[in-house]
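The values are calculated or read from the model by the stated rules, or taken from the named source; none is laboratory data. Only a predicted model underlies this, so the values are computations on that prediction, with no experimental measurement involved. Cβ placement follows ideal geometry from the backbone for every residue including glycine, while neighbour counts extend to all protein chains displayed. Ligands, DNA and RNA are stripped out before the accessible areas are found, and what is left, the full protein with its side chains, is counted by its heavy atoms. Shrake-Rupley method; radii C 1.70, N 1.55, O 1.52, S 1.80 Å.
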Amino acid sequence: MQKKRVAILGSTGSIGTQALDVIAANPHIFEVEVLTAQNNADLLIEQSLQFKPNTVVIANDSLYGKVAEALQPHDIKVFAGANALKSVVQMDTVDIVLTALVGFAGLEPTLKAIEARKPIALANKETLVVAGAIITEMTERYKVPILPVDSEHSAIFQCLAGEFHNKIEKIILTASGGPFRGKKREELAHVTKAQALKHPNWSMGAKITIDSASLMNKGLEVIEAKWLFYLEPSEIEVIVHPQSIIHSIVQFEDGSMKAQMGLPDMKLPIQYALAYPNRIASDFPRFDFTKYPSLTFEQPDLETFRNLGLAFEALKMGGNAPCILNAANEIAVELFLKDEIGFLQMSDLVEKCLQKIDFIQNPTIENLLHTDTYTRQKAREWSKPS
Ligand code: NAD
Ligand code: MG
């Protein structure tokens, strides 16, 4: 059997390194063709020496010399800069592109990969949040599958196997509730980034960990689900499930519900997306019901965690509103991680941007690029005390 040749955008991150674990465990099925990273040149070099990709990209130009010196003697091509990401995804020798980079930076390489008819294993949810309408239109035009890596969307996708023709009544996305579940607004006013970075169930990159603490992650996932599964906002619900065992649920027209479950481990959805439509044997730890005698569920607290409501609002507004929401949130998280704004101010900043930045009903890619840049600039400005 021909091996599947994988391009991993963001190979040094949480999803990227776990994807390499999956590939290392299945060398007869997968082969690494492209690896890319932003700043972590040392790990990128180490990964490249182990997996021997054809091509490597270091997005931060200033690190090109270091990476090239280490890898060119091993016959590995090295490129630098954000534009290189857009060309490596189009290489003839790439069979599937895993978008494991974080934030808006995932958008343009994903568009290029779709144009080159490469199936996308999509971890970078921000891409679908920002440009869901355009991406969906393109995947239909180029007949390219988007295979979800996000655990909730992988769960829905797995529940839909054999059911794609059946109407969905609603989906229920589960949320762990993050480290601040049960806390009220007053208690969140002075939480630190160290507290916010301690996720109870998942070990992930810093940005998504803060998004999980603020429930923005679930908001972004609601928008991601709309585009992946062609749903109306009213057909998407969120329920807090602190044990993170049920990864999400589909309810069909006849009232039947299907849930996908397992221990929280991103390797499983990563492997499912890379190997789709096949399942492959794994030695991932198995779930044991007797160790989890109670799986519990509760309503999300929308008054404390305002981001979830803001994301639903942006979804209903449509147009460039989710792009504004995403850009404002990326800046809010960055400033929170630099101790420049408090935890609650993150939602204030997102709300202000959604209210004040010009709405565009049917944005082009150029409109979205501009909305992103402009929102980032305004969010920085508005974060300063006047
Ligand atoms: P991370 O911060 O651990 O890793 C990000 C990777 O992207 C790194 O390799 C980094 O070098 C690269 N990168 C960052 N900024 C870049 C830029 N501007 N240009 C090019 N490369 C860049 O992030 P992560 O936790 O692995 O998350 C990656 C994506 O997957 C995010 O969109 C996140 O929402 C999604 N996701 C992650 C998890 C998880 O468990 N970590 C789960 C579901 C979805
Ligand atoms: Mg998720």
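Key figures for this structure:
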| read-out | value |
| --- | --- |
| Positions within the stretch 359-386 being part of a helix (DSSP H, G or I) and exposed (fewer than 12 other Cβ atoms within 10 Å of the Cβ), in sequence order | Glu366, Glu381 |
| Residue, nearest to Val149 (Cα to Cα), within the stretch 1-25, restricted to residues that are open to solvent by less than 10 Å² (accessible area, probe 1.4 Å) and more than 8 Å from ligand 1 (Cβ to nearest atom) | Ala19 |
| Cβ pairs under 8 Å, 6+ apart, first in the stretch 106-117 and closer than 10 Å to Met138 by Cβ, second part of a helix (DSSP H, G or I) and aromatic (Phe, Trp, Tyr) | Ile114/Tyr142; Glu115/Tyr142 |
| Check on His165, free of Cβ contacts under 8 Å to residues at least 12 places away in the same chain and not in a helix (DSSP H, G or I) | yes |
| Residue match in the stretch 46-54 (condition: modelled with pLDDT under 95 and either away from ligand 2 (no atom under 16 Å from the Cβ) or open to solvent by less than 40 Å² (accessible area, probe 1.4 Å) (or both)) | no |
| Qualifying residue in the stretch 213-231 (condition: within 16 Å of ligand 1 (Cβ to nearest atom), part of a loop (DSSP other than H, G, I, E, B) and touching a residue at least 24 places away in the same chain (Cβ under 8 Å)) | yes |
| Enumeration of residues in the stretch 174-226 that are among the small types (Gly, Ala, Ser) and surrounded by 16 or more Cβ atoms within 10 Å (Cβ to Cβ) | Ala175, Ser176, Gly177, Gly178, Ala196, Gly205, Ala206, Ser212, Ala213, Ser214, Gly219, Ala225 |
| Selected residue [within 16 Å of ligand 1 (Cβ to nearest atom), more than 27 Å from Lys170 (Cβ to Cβ), polar (S, T, N, Q) and not in a loop (DSSP other than H, G, I, E, B)] from Gln271, Gln260 | Gln271 |
| Failed item in (1) within 15 Å of ligand 2 (Cβ to nearest atom); (2) out of contact with any His (no Cβ under 6 Å at 6 or more places or on another chain), with Leu228 passing the rest | (2) |
| Filtered residue count, the stretch 252-275, keeping only those that are hydroxyl-bearing (Ser, Thr, Tyr) and surrounded by fewer than 16 Cβ atoms within 10 Å (Cβ to Cβ) | 1 |
| Selection status of Lys338, among the charged types (D, E, K, R) and either farther than 26 Å from Gly132 by Cβ or modelled with pLDDT under 95 (or both) | yes |
| Exclusive hit being within 16 Å of ligand 2 (Cβ to nearest atom) and either open to solvent by less than 20 Å² (accessible area, probe 1.4 Å) or touching a residue at least 40 places away in the same chain (Cβ under 8 Å) (or both), set Gly132, Gly103 | Gly103 |
| Which listed residue, of Ile239, Ile245, Ile223, is within 15 Å of the chain's Cα centre (by Cα) and either within 14 Å of ligand 2 (Cβ to nearest atom) or at pLDDT 95 or above (or both) | Ile223 |
| Breaking point among (1) within 14 Å of ligand 1 (Cβ to nearest atom); (2) over 18 Å from the mean Cα position of the chain (by Cα), for Val94 | (1) |
| Residue in the stretch 310-319 that is open to solvent by 70 Å² or more (accessible area, probe 1.4 Å), closer than 21 Å to Gly177 by Cα and in a loop (DSSP other than H, G, I, E, B) present | no |
| Meets criteria (touching a Ser or Thr at 6+ places or on another chain (Cβ under 8 Å), aliphatic (A, V, I, L, M) and either assigned to a helix (DSSP H, G or I) or touching a residue at least 60 places away in the same chain (Cβ under 8 Å) (or both)) for Leu173 | yes |
| Ile58 vs. criteria farther than 28 Å from Asn278 by Cβ, under 22 Å from the mean Cα position of the chain (by Cα) and of a type in the set (Val, Ile, Thr) | yes |
| Of all residues in the stretch 227-242 being open to solvent by 40 Å² or more (accessible area, probe 1.4 Å) and not hydrophobic (A, V, I, L, M, F, W, C), the one that is nearest to Leu295 (Cα to Cα) | Glu237 |
| Residue under evaluation Arg141, criteria (1) crowded, with 24+ Cβ neighbours inside 10 Å; (2) without any contact (Cβ under 8 Å) to a residue 60 or more places away in the chain, criterion not met | (1) |
| Residue match in the stretch 341-363 (condition: aromatic (Phe, Trp, Tyr) and farther than 21 Å from Ile223 by Cβ) | yes |
